[in-house]
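Worksheet for the structure shown next.
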Amino acid sequence: MKKWRRMVSSLLAAALLLTAVPTVWAAEEDTGFSDVAADAWYAGAVEYVRDNGLMSGTGSATFSPNAATSRAMLATVLYRAAGSPAAEGTAAFSDVAADAWYADAVAWASENGIVSGYGNGLFGTNDPVSREQIATILWRYEGSPSAESGQDFADESAISGYASTAVDWARANGIISGREGNVFDPKGNATRAEVAAMLQNDLTRQPDGETQPDGDAGDVLVVYFSGTGNTEAVAQTIASTLDADLFELEPADPYTDEDLDWTVDGSRVNQEHENEALQAVELTADTVENWEEYDTVFIGYPIWWGIAAWPVNDFIQANDFTGKTVVPFCTSASSGLGQSAERLEQMAGSGTWLEGRRFSQSPSQQEVQSWVESLDLPADSSGNSPAGEESRALVVYFSIPETDDPQQMTTEEANSTVVIDGQVLGNTQYMAQVIQQATGADLFRIEPAEPYPTDHETMVALAADEQEQNARPAIQGQVEDLEAYDRIYIGYPIWWGDMPMILYTFFDQYDLSGKTIVPFGTHGGSGFAGTPDTIEQLEPQATVLEGLTISRDQIQDAEQQIVDWVNGLPQD
């Protein structure tokens with residue numbers, strides 16, 4: 001799915017916009033909608049979806065920002081974002097008429113596993129999309145990427161199991177945030193304004209694999225003060241991107257959660273805000289060892305009452321920035337960078353200060369890395385670059401689940417599928433997703449240009465015919481930038497004692513010389529059936545590691561086995 005969103009994101013680069021907290025970002029001109037004020041927090045997002053042909057108004061001059069978004073509308077929006085590709089068939093839902101304005105979009109979304117039906121022949125065209133549903137749908141649109149659990153929402157336990165990973169991914173990438181009080185409200189309807197903001201946040205993220213810096217930074221230090229951990233997360237991403245050193249500014253009298261609660265009259269930050277003399281916060285350390293060796297210094301802080309959080313002042317005043325490039329950055333729920341950087345530059349009185357950057361409370365790593373990449377940082381005296389590209393992995397798999405209805409499966413359908421949190425996955429598809437989540441790899445699904453039948457008997461007969469004819473079924477789509485990957489995990493079921501013939505198409509189409517191939521798959525009793533040896537013959541210039549194959553009878557409970565196997569593989 002990743003290649004589709006670039007068709008939109010290449011049209012416009014825009015800053016991330018929180019979906020729940022009003023942002024100080026006024027549109028430069030009238031939005032064109034009478035119910036969208038130019039200074040509304042969602043104004044920029046509404047203009048984005050309008051200008052890119054994703055969402056239009058609900059009337060001649062209205063957008064209805066607070067109205068709910070239907071499932072048919074969301075499918076249509078993503079269909080447009082993907083460039084309105086031709087659907088292979090028609091929407092097989094009783095509530096989707098063949099001539100409906102959303103029919104092609106629903107067919108496409110269903111075929112690609114982005115928006116599924118209810119399992120009873122209904123798509124739910126007019127049903128509103130909940131917040132956890134849109135997180136899941138966007139996650140599927142992006143290829144169901146892996147995600148680490150982050151900060152929990154106050155109502156984390158109310159998020160459905162099927163949506164848990166998707167919500168983690170959406171929050172980590174700055175696509176969706178909580179509502180007031182750190183509440184996610186998973187069952188609440190997503191408004192049109194929120195959907196516009198989520199779309200902008202997702203579609204304007206940098207493409208995966210294009211965020212590494214050019215390697216022209218010299219010795220770099222990242223200095224930061226963080227009250228709640230948001231600024232720390234950005235600082236750590238900058239440091240890991242540039243292979244820089246980190247230095248945390250720690251008040252001698254640490255702030256507690258109660259101290260930082262600005263909503264409570266008389267809290268410490270409120271007292272300090274009201275009395276400037278109290279803003280002289282002493283640090284446990286305000287100087288850095290080997291300070292003179294650093295060419296570039298990033299300074300990070302949260303925004304407090306429109307200025308840099310005052311605990312950074314002690315560090316700024318205690319150090320000489322002569323000859324250094326200084327890069328300020330901040331985190332804020334709503335306020336911009338404002339004059340915070342200018343005030344710090346005046347306080348320092350030396351150094352070359354670059355234009356800073358404000359990040360939301362939960363920016364994606366891609367956003368931070370992309371910003372770092374865009375900076376013109378000085379090289380060190382030796383001309384060395386600190387950051388090298390890490391090796392990348394790709395999980396390629398072929399899997400045909402024979403149904404998407406977990407309630408009414410035949411024995412054959414149950415044998416070919418795994419049901420996780422109500423979602424039906426093919427056996428090998430499930431295995432591929434576990435590997436992806438364990439490795440952080442990219443994902444590519446081998447899909448036939450002409451879809452296979454899902455009826456068991458028909459598909460088994462077709463597989464036998466293809467094998468007898470030594471067929472090479474055409475593959476839909478292609479792996480982009482294959483040369484960037486060092487390790488390729490390749491997964492498949494065993495059909496008639498061999499790989500499905502479409503795997504032979506894949507090996508004919510791609511030269512994997514010099515790469516490490518890791519086979520994996522599922523079977524009904526035959527194990528690998530000698531297929532790793534076949535792969536070695538097909539790709540003689542690649543290194544083929546020992547793979548893992550799991551019986552279809554055991555795959556449902558095999559997650560830990562798969563993770564342990566991945567972690568035990570030799571590294572490139």
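Every number in this text was worked out from the coordinates using simple rules, so none of it is lab data. Since we're looking at a predicted model, the values are computed, not measured. A quick note on method: Cβ atoms are made from the backbone with ideal geometry, for glycine too, and the neighbour counts reach across all protein chains shown.
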Expressed in nm to one decimal, what extension gain is obtained for the pair Asp557 and Ala92 from 0.36 nm per residue of sequence separation less their Cα-Cα distance? 164.2 nm
Karplus-derived 3J(HN,Hα) from phi for the range 469-478 (6.51 cos²θ - 1.76 cosθ + 1.60, θ = phi - 60°), whole Hz, x at Gly and Pro, runs 8, 6, 6, 10, x, 5, 9, 7, x, 8
For Arg192, net neighbour charge (Lys/Arg +1, Asp/Glu -1) across residues whose Cβ lies under 12 Å away: -1
Net charge around Gly229, counting only other residues with Cβ within less than 14 Å of its Cβ (Lys, Arg = +1; Asp, Glu = -1)? -4
Rg/Rh ratio calculated on Cα atoms of the range 263-371 (Kirkwood radius): 0.98
Could you give log10 I(q)/I(0) at q = 0.15 Å⁻¹ for the range 476-531, computed by the Debye formula over C-alpha point scatterers of equal weight, without solvent? -0.48
Work out the FRET efficiency for Ala252 and Asp39 from their Cβ-Cβ distance, taking R0 = 51 Å, and round it to the nearest 0.05. 0.80
Determine, from the Cβ-Cβ distance of Glu293 and Asp261 and an R0 of 30 Å, the FRET efficiency 1/(1 + (r/R0)^6), rounded to the nearest 0.05. 0.15
For Gln478 and Asp152 in one chain, what is 0.36 nm times their gap in residues minus the Cα-Cα distance, to one decimal in nm? 113.7 nm
Largest to smallest principal axis extent of the C-alpha atoms in the range 429-520, angstrom: 37, 26, 23
Interchain or sequence-distant (5+) residues whose placed amide H lies within less than 5 Å of the amide H of Gly527 are none
Classify the range 478-572 as rounded, prolate or oblate, taking a ≥ b ≥ c as the square roots of the eigenvalues of its Cα gyration tensor: rounded when a/c is under 1.5, otherwise prolate if a/b is larger than b/c and oblate if not. oblate
Once the piece of chain linking Ser64 and Ser526 is laid out straight, how much longer is it, given 0.36 nm per residue of separation minus the C-alpha distance between them? 160.5 nm
